[in-house]
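The values are calculated or read from the model by the stated rules, or taken from the named source; none is laboratory data. Here the structure is a predicted model, which means the values were calculated and not measured. Glycine gets a Cβ as well: all are built from the backbone with ideal geometry, and neighbour counts include every protein chain shown.
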Amino acid sequence: MLCLFPYKTDVNIANDAILKTWPFRLASNPVFFVVAQSLSFLLLWWLVGDPLFAAVLWVGTRVFALWVNMIQNYWTHDRRYGYRRYDDEDNAMNIADWLPVTATFSACLQNNHHHSPQLLRLSHENSEYDFGFMTVKVMKALGLVKASNYGAILPKDVPLKSLEF
């Protein structure tokens, strides 16, 4: 349910400037959540013309999103699944099968990410499939993104020759 509703936190972030802007206040409102979900269903119903088919698509999309969230937040932080490239103190693991990597845009390479969180690329070897990085490279070719100075620095302990970005 956490990926359907906003996460609760005890951290006092009220002084953060972004939290005082109207878009953030609107998006964090529970009424907005209900209205947005209802309008997305109604739009889908209008597009497909069949309420039952629209409901199946709408619910199916949310079930898939829950599955992706479970891959990223549960399975990749449980030492029973995947492999560990780095023996850091956290429980992050890499699940490098093509389907979870594609579904999460490479977020299931959590051990790599936790070891070098600032690095733009989540695959730390050329043999690791990194769908998210491929997507970023396409976006770069279209002129939509560029690497920050910090995100393009390759750490010495990552076994890549270059970022290829």
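Scanning segment 31-78 for residues that are under 30 Å from residue 111 (Cα atoms) and loosely packed, with under 11 Cβ neighbours inside 10 Å yields 60, 63, 74. Residues in segment 118-129 that are surrounded by 18 or more Cβ atoms within 10 Å (Cβ to Cβ) and more than 16 Å from residue 86 (Cβ to Cβ): 120 only.
Going by the conditions given, is residue 85 surrounded by 15 or more Cβ atoms within 10 Å (Cβ to Cβ) and of a type in the set (Lys, Arg)? So residue 85 passes the test.
Taking the conditions (1) modelled with pLDDT of 90 or more; (2) of a type in the set (Gly, Ala, Ser); (3) in a loop (DSSP other than H, G, I, E, B) in turn, residue 92 satisfies each one other than (1).
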